[in-house]
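No lab work stands behind these numbers, since they all come straight from the coordinates. Bear in mind that the values here come from a model prediction, so they are computed numbers and not experimental data. Note that we place each Cβ from the backbone using ideal geometry, even for glycine, and neighbour counts take in every protein chain shown.
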Ligand code: PRP
Ligand code: URA
């Protein structure tokens, strides 16, 4: 993935430790949800390194000083339903004022093509940085469709944040949207014949919401 300058694979021991537990078939809904939140916090730390900032004046108990802060109203997170919802609390723990937009998208199980069913974005999205949240970047079809939708609404500053990615998905997203910065916690081997990431973690939505 070194050929794509906009792709960051975190591959950090603490994240890898949490992903080992996340992958396990013996990890159940409560722990799964908490791990998704914690890994998202670690991804957020990295993805926010270049956020727009402003300098404010603060009165400490000792004196006044100038201090950098993340610019007000500059960030919107866009979870792709359903599984992206599990990542929102991880961002909000670190940056509670991020606005939230929702894109509803599911993969047709036969064709693997993304089907859009919902879109509600914050006012003024075209002036914000939009961070698309989806734990799984498999074929990249859902991410590309979500980003096409955001661009059609005027959004120009877009990041993608995913926990596990297949090389096929990263390659497709980085090629179709070279202007989008992609942050991935771990890169897996590939996709199986059903379009699932291997070794992966199975169906992220089902594991987060206990639907299977
Ligand atoms: C999963 C995942 C992504 C998509 C990834 O959603 O959360 O949105 O698949 O696959 P792709 O990269 O091949 O498009 P799914 O379609 O299972 O919907 P769900 O979250 O509602 O279960
Ligand atoms: N969606 C998932 O939830 N898991 C995969 O491995 C691929 C797509």
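Multiply the residue separation of residue 211 and residue 14 by 0.36 nm, subtract the distance between their alpha-carbon atoms, and state the gained length in nm to one decimal.
68.1 nm
Using the number of other C-beta atoms within 10 angstrom as an exposure proxy, rank 128, 2 with the fewest first.
Result, fewest neighbours first: 2, 128.
Could you tell me what percent of the DSSP beta bridges with both partners in the stretch 24-157 are antiparallel, to the nearest 5?
55 percent
Going by how many other Cβ atoms sit within 10 Å of their own, how do 42, 173, 201, 94 line up, fewest first?
By the 10 Å Cβ count, ascending, the order reads 94, 42, 201, 173.
So how far apart, in nm, are the two label points at residue 117 and residue 175 if each is 7 Å from Cα heading toward Cβ?
Here the modelled spin labels are 3.0 nm apart.
Can you give me the angle between helix 141-152 and the longest principal axis of the chain, using Cα atoms only, in degrees from 0 to 90, rounded to the nearest 10?
With both axes taken from Cα atoms, the answer is about 40 degrees.
Give me 206, 134 sorted ascending by neighbouring Cβ count inside 10 Å, so fewest comes first.
Taking fewest neighbouring Cβ atoms as first place, the list is 206, 134.
Calculate the spin-label point distance for residue 51 paired with residue 2, positioning each point 7 Å from the Cα along the beta-carbon direction, and give it in nanometres.
3.2 nm
How far is helix 29-47 tilted, in degrees, relative to the longest principal axis of the Cα atoms in the chain, given as a value from 0 to 90 rounded to the nearest 10?
Tilt of helix 29-47: around 50 degrees.
In deg cm²/dmol and to the nearest 500, what is the mean residue ellipticity at 222 nm of the chain if only DSSP H runs of at least 4 residues count, each as -39500 (n - 2.57), divided by the residue total?
Calculated from helices alone, the mean residue ellipticity at 222 nm is -10000 deg cm²/dmol.
Percent relative contact order of the stretch 160-212, based on C-alpha pairs within less than 8 angstrom and at least six residues apart?
34 percent
Do you know the relative contact order of the chain, to the nearest whole percent, from alpha carbon pairs under 8 angstrom that are 6+ apart?
This gives 23 percent for the chain.
Build a GNM of the chain with springs between Cα atoms under 10 Å: which of 89, 74, 152 gets the top mean-square fluctuation?
152
Once you have the Cα-Cα distance between residue 100 and residue 67, take 0.36 nm times their residue separation minus that, and quote the gain in nm to one decimal.
9.3 nm
If the elastic network links every pair of Cα atoms under 10 Å, which of 194, 16, 73 fluctuates the most in the Gaussian network model of the chain?
Looking only at 194, 16, 73, the largest GNM fluctuation is found for 194.
So, in nm, how far is label residue 196 from label residue 27 when the simple model puts each one 7 Å beyond its Cα toward the Cβ?
My value for the distance between the label points is 1.6 nm.
Taking the DSSP beta bridges in the stretch 79-166 as the whole, what percent of them are antiparallel, to the nearest 5?
On the way: 6 of 16 bridges.
If I count the DSSP bridges inside the stretch 79-166, around 40 percent turn out antiparallel.
Hey, what angle do you get for helix 13-23 against the long axis of the chain, alpha-carbon based, 0 to 90 degrees rounded to 10?
The two axes meet at around 40 degrees.
For the stretch 8-68 and the stretch 97-149, compute the distance between their C-alpha centroids and round to whole Å.
The stretch 8-68 and the stretch 97-149 have Cα centres spaced 21 Å from each other.
At 0.36 nm per residue, and after removing the present C-alpha to C-alpha distance, how many nm does the segment from residue 81 to residue 153 gain when stretched out fully?
Between residue 81 and residue 153, full extension yields an extra 24.1 nm.
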